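The values are calculated or read from the model by the stated rules, or taken from the named source; none is laboratory data. Remember, predicted model here, so these are calculated numbers, not experimental data. Ideal geometry is used to build each Cβ from the backbone, glycine not excepted, and the neighbour counts take in all protein chains shown.
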Amino acid sequence: MSKGRTKFSVVVPMFRTEKFLGELLQSFDAQRRGDYELEFIFVDDGSDDASADVAQAWLDRSGRAGQVIRQENGGVSRARNRGIAAATGTWITFPDSDDLLSDGYFAEAAAAVHAATSDVVLLSANVWRYEEASGKRADVHPLRLKFRDDVGAVDLAERPSFIQTQAASAFFRLDVIREHDIAFVEGLRVAEDAVFASTYLLSAPTTIVVPLRKSIYYYRRRADATSAADSYKTNPDFYFGRFVRGYLPLLELAKSHGDIPRWLENIILYDLSWYFPREMNKDRKATHLTDAERAKAIELLRAVLRQLKASTIVNYRLTAISPEVRALMLTLGDNPLPEVGTVRLAKNVAGSFEICYLFRDELPTELIESDGSTVTPVTAKTRKLDYFGQELLRERIIRLPELADIRISLDGRYRPLQYGGYYLGSSEATAARVRLSAAAPLKTTALWRQMAIRCAAEVVCYTKAPIPAPTAVSKGAALRRQRYRAFIRNLAKTPRFADKYRDAWLVMDRVASGHDNGEYLYEHLRTERPDINAWFVIQKGTPEWDRLSGLGFRLIPYRSVEHKVALQCAAVVASSQLDVEIVEPTPADFYRHKRRPWRFVYLQHGVLQHNLAHWFNGKDIDLLTTASVDEHASIVEDGGTYRLTADSVVMTGFPRHDAILKAAEGHPYDQRSVVLVAPTWRDSLFLPKASFAARRKLRDPFLETDYGRNWMGLLTHPALKQLADEENAEIVYLPHPNFRGNTPEVTYPDHVTVIDSTPDIHELMARARVTVTDYSSIFFDAALAGSRIVYFQFDQETFLNGSHSYLPGYWDYDVHGFGPISTQLDDAAKLTNEAYTAQGGQWPQLFADRIARTLPLADGKSADRITELIESKFRV
């Protein structure tokens, strides 16, 4: 392009990044020499730290050309615009002040400029992730494929997948920016980079870009999660501004030049591919929005998607978009759903099949046939796809008896069935192809294991996930893994193990502990049903292993060779937990057919109060047991968010409740003296797991958290000390298992007994006169044992709106609760004192009535019911 020296203007916006800026400056110092020159423009956006002073000192020390501009806080876009106004280079770039650049960053860019034609308008650097916590740098960006080869200049009109969404990692021609008066949208705090880059490309004389494979831009992922990308809940632009001031004006600009280009559609879809899945993540879901705000978010999405071509939505593949989200995008854009790929068949529970289909608007007229005869479903429900409360697209779930062949007609049109998940492929499948595919019934039994897609004509798949980041797995390691898998499978075939674990029931609670529904179901099987080949799985070398071994349990060490072999032969795995180490104890490829041979029974840990559809729907649950009327209804109800249907969710009661009732018989209420303080945990207080099955650690010291201050405040409150002194009350603190061993700095008062190991919780509840908790399902068990309940919910507003691993569900503490509620420490202490000292007639009968209605199966026969249910349902 230019045979002279290229001048790059480097604009660095700064806001409270003093502690990171030094690393960026070091990367500037390390730049290789080349046929280019640099000017540095640091724009301090009203920082209250020394960022500007650090930048000025570096300019003075290094002798580099540049300046430091100071302005009142106005946001990154205003800072960048100030930099544009001051720039004198030919090209301009905008690295963030907390990121880093490779040492050849500018040399490679200059070489590309010199080698390119005059038509090139944008240079795109290769973005890698820099993990601040570990110092690791990884080539894992979703758009990394455009750097796979040195492709040279690329025209986006011909290669619309080579999109540019970041301004920080791009170089722009300053003459184009000034000729068309292009600026960052000031005040916009999300998608501002994509909007600027797209506005620039729409205005530029060409759309020719050059990917710079060797110019590496290291994007910092901060250890303290304080990046702008992590502050969505306090950023109104996240749900509204990105559309109102970003994409909608951008689309209008595009239409003023003609048709909306495919590359721009891809940029918007790239953004939305991250936007929609957040609604399925309890940490990211927009629970903090009002109903009106969620409706507004949907309308803005519709305004954008109506302008995108259906073919682009269907064929987009730069990042993974689930078929469900892709179908929702089509629906919000007022497009019909494809007839191919939106009806699926899944073999789920033994003896039955499941047909699911996506539909928009009204429920269609269904006709299901087998061998020419109409089939009546075992059960059916309509599931709400809970994205911002939208009701335009829903899912139908139908359970059928196991049949030889099936076909389905919706509103008089036979629809092609496929195995496994939904599949939205090329939009080029014609109506003729659909009719050909749907003409014959689907032979279900013979093709199940092949997971085949039955289509009469070939349909090209455009829904592939992005290529994963490369992993360094040697051929030797792969061969050793293959041999180990074969060893486990072959061991399972030997008479010794095949006979030992044939049709076994493997029962668990947590990996390293019992005292939950798993243990009490196993105890029932051991004593009452020795004909069932039952085993209990737990980590060896733990106190719980020794305890259960002493009780005569048949134990299998968790994840041992014995465990992996038993999983090859088992008929049932039943557990009170749903974590990945329970439902996926070994990878699927360890099993003979690459799929687990056993059925999973989720016994639950406690009565469900909150909406855990985001958690349950991602797990392969064959049978779920419940104990409460409202809990059960919330899962199986028509129009709810759970995929589970009435034939796989059964109200049986809990085996743990059997044990609680038995223990409570020996402790009349007027002889009880325990005040049990048993709050649940807070997900936000803990760091992620460091490894598989590892314990999570606290982010901050316990007493520096609101949680620690409030619960320690209650335990040390004078009102509880008074109960201990004057009423001989035993104040017992039962920390959640996740806190045990995580609070060594905490000192407890003499009147408080701390249970810092796995206790006989049922004996403890049977002795409890009052139980104080927050949101823990322990209150169901305590109430069943006869304890009075007090709720202390100091963080009610945030907790009940998705800050923990829960989302709001059917349960309303004011309507369904078993006791009074307090949000203030002093009030909680007062209510605890009143609950302990109140005579029988002084405690509201309302709470006793609610308990009786909510838990109707308190008869000591739950383990019997579950055993009989598993036998009949799975024919074991």
*Of the residues R16, R61, R82, which single one is surrounded by fewer than 21 Cβ atoms within 10 Å (Cβ to Cβ), outside any helix (DSSP H, G or I) and of a type outside the set (F, W, Y)?*
R16
*Please specify each residue of region 160-175 satisfying the condition of being among the charged types (D, E, K, R) and in contact with a strand residue (DSSP E or B) (Cβ under 9 Å, 6 or more places away or on another chain).*
R173
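Going through A303, A346, A327 one at a time, which residue ends up being touching a Ser or Thr at 6+ places or on another chain (Cβ under 9 Å), farther than 15 Å from Y414 by Cα and touching a residue at least 12 places away in the same chain (Cβ under 8 Å)?
On the way: A303 fails: touching a Ser or Thr at 6+ places or on another chain (Cβ under 9 Å); A346 fails: touching a Ser or Thr at 6+ places or on another chain (Cβ under 9 Å).
Only one candidate qualifies: A327.
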*Looking at (1) crowded, with 20+ Cβ neighbours inside 10 Å; (2) of a type outside the set (S, T, N, Q); (3) not in a loop (DSSP other than H, G, I, E, B), which is the only condition Y387 fails?*
(3)
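Residue-by-condition table, conditions (1) assigned by TED's automatic domain parsing to the domain that holds N611; (2) free of Cβ contacts under 8 Å to residues at least 60 places away in the same chain; (3) assigned to a strand (DSSP E or B):
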| residue | (1), (2), (3) |
| --- | --- |
| Y218 | no, no, yes |
| D237 | no, yes, no |
| I260 | no, yes, no |
| K285 | no, no, no |
*Across region 706-739, which residue is nearest to D670 (Cα to Cα) among those that are modelled with pLDDT of 90 or more and polar (S, T, N, Q)?*
N728
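Given L25, L21, which one is over 28 Å from D175 (Cβ atoms), part of a helix (DSSP H, G or I), in contact with a Phe, Trp or Tyr (Cβ under 6 Å, 6 or more places away or on another chain) and at pLDDT 95 or above?
On the way: L21 fails: in contact with a Phe, Trp or Tyr (Cβ under 6 Å, 6 or more places away or on another chain).
It is L25.
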*Which residues, taken from region 618-632, are over 30 Å from I488 (Cβ atoms), surrounded by fewer than 22 Cβ atoms within 10 Å (Cβ to Cβ) and in contact with a strand residue (DSSP E or B) (Cβ under 9 Å, 6 or more places away or on another chain)?*
V629, H632
*For S757, state whether it is among the hydroxyl-bearing types (S, T, Y), modelled with pLDDT under 95 and surrounded by fewer than 16 Cβ atoms within 10 Å (Cβ to Cβ).*
yes
*In this structure, does D781 turn out to be at pLDDT 95 or above, of a type in the set (D, E, K, R) and touching a His at 6+ places or on another chain (Cβ under 8 Å)?*
no
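Only strands (runs of 3 or more DSSP E) wholly contained in region 517-596 count here; list those with 1 or more residues that are among the hydroxyl-bearing types (S, T, Y). Before you say what the answer is, go through the steps one by one.
On the way: elements: 534-538, 555-557, 572-575.
Once the strands (runs of 3 or more DSSP E) in region 517-596 are filtered for at least 1 residues that are among the hydroxyl-bearing types (S, T, Y), what remains is 572-575.
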*region 760-775, residues that are at pLDDT below 90 and not hydrophobic (A, V, I, L, M, F, W, C)*: D760, H762, E763
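Do the conditions hold for A574, that is, is it farther than 26 Å from A858 by Cα and at pLDDT 95 or above? Steps first, answer last, please.
Numbers: farther than 26 Å from A858 by Cα: no; at pLDDT 95 or above: yes.
Answer is no for this residue.
So, of the residues in region 311-329 that are of a type outside the set (S, T, Y) and in contact with a helix residue (DSSP H, G or I) (Cβ under 6 Å, 6 or more places away or on another chain), which turns out to be surrounded by the fewest Cβ atoms within 10 Å (Cβ to Cβ)? Spell out the reasoning first.
As a first pass, look at region 311-329 and keep what is of a type outside the set (S, T, Y): 313-315, 317-318, 320-321, 323-329.
Remaining after also requiring in contact with a helix residue (DSSP H, G or I) (Cβ under 6 Å, 6 or more places away or on another chain): 313, 318, 321, 325, 329.
Values: I313: 22, L318: 19, I321: 25, V325: 21, M329: 26.
The selected residue is L318.
Given D647, D589, D638, D683, which one is of a type in the set (D, E), in contact with a His (Cβ under 7 Å, 6 or more places away or on another chain) and over 30 Å from K721 (Cβ atoms)? Spell out how you get there, then give the answer.
Details: D647 fails: in contact with a His (Cβ under 7 Å, 6 or more places away or on another chain); D589 fails: in contact with a His (Cβ under 7 Å, 6 or more places away or on another chain); D638 fails: in contact with a His (Cβ under 7 Å, 6 or more places away or on another chain).
When all the criteria are applied, what remains is D683.
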*If we only count helices (runs of 4 or more DSSP H) wholly inside region 777-876, which ones have 2 or more residues that are under 30 Å from the mean Cα position of the chain (by Cα)?*
778-784, 813-816
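Given the structure, is W615 surrounded by fewer than 19 Cβ atoms within 10 Å (Cβ to Cβ), touching a residue at least 60 places away in the same chain (Cβ under 8 Å) and among the aromatic types (F, W, Y)? Steps first, please.
Working: surrounded by fewer than 19 Cβ atoms within 10 Å (Cβ to Cβ): yes; touching a residue at least 60 places away in the same chain (Cβ under 8 Å): yes; among the aromatic types (F, W, Y): yes.
Taking the combined requirement at face value, the residue satisfies it.
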